[in-house]
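Read the figures in this text as sums done on the coordinates, not as results from a lab. Being a predicted model, the structure only gives us computed values, none of them experimental.
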Amino acid sequence: MDEDEDDDGPINLKKSDDDKKTNEKIKREHEASTLWDKIDYMLQSNEVLLAKSLKTKIELAEKKAREKQERWKLLKEVEERKACVAENKTMANILAEENRIMTLNRNDMDDINKE
């Protein structure tokens with residue numbers, strides 16, 4: 001029996017070492033896969049955040065472009081109103097001058113001035 005015990009002892013030790021190594025290898029692989037899963041999740045989160053920030057930047061740029069377009073429209077309307085006011089003022093001056101000429105007394109004028 002002593003011989004059997006001696007034979008079982010070294011075999012069990014070797015088996016135990018192999019099992020430990022295998023278990024440690026499995027544990028390391030599991031930790032590595034868990035780390036890879038965490039890295040993948042972080043990358044996906046980063047991509048989502050990047051997409052959201054790009055979307056926000058695009059929306060902000062579009063909003064600024066719309067506001068700029070609206071300002072240009074307002075400026076155009078203001079300039080058109082100024083031009084209209086200037087035209088009306090000029091026409092009023094011309095009509096006032098024509099009315100003044102039409103109401104002049106022609107009896108004191110010579111023939112050239114009457115024409």
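The table below lists the values:
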{"quantity": "Fraction of alpha-carbon pairs over 13 Å apart in the range 24-69 - percent", "calculated": "68"}
{"quantity": "Cross-link partners of Lys20 among lysines (Cα-Cα below 29 Å; sequence separation of 8 or more within a chain)", "calculated": "Lys38"}
{"quantity": "Cα pair distances of the range 31-107 binned at 5 Å [whole percent]", "calculated": "3, 12, 7, 9, 6, 7, 7, 5, 7, 5, 5, 5, 4, 4, 3, 3, 3, 2, 2, 1, 1, 1, 0, 0"}
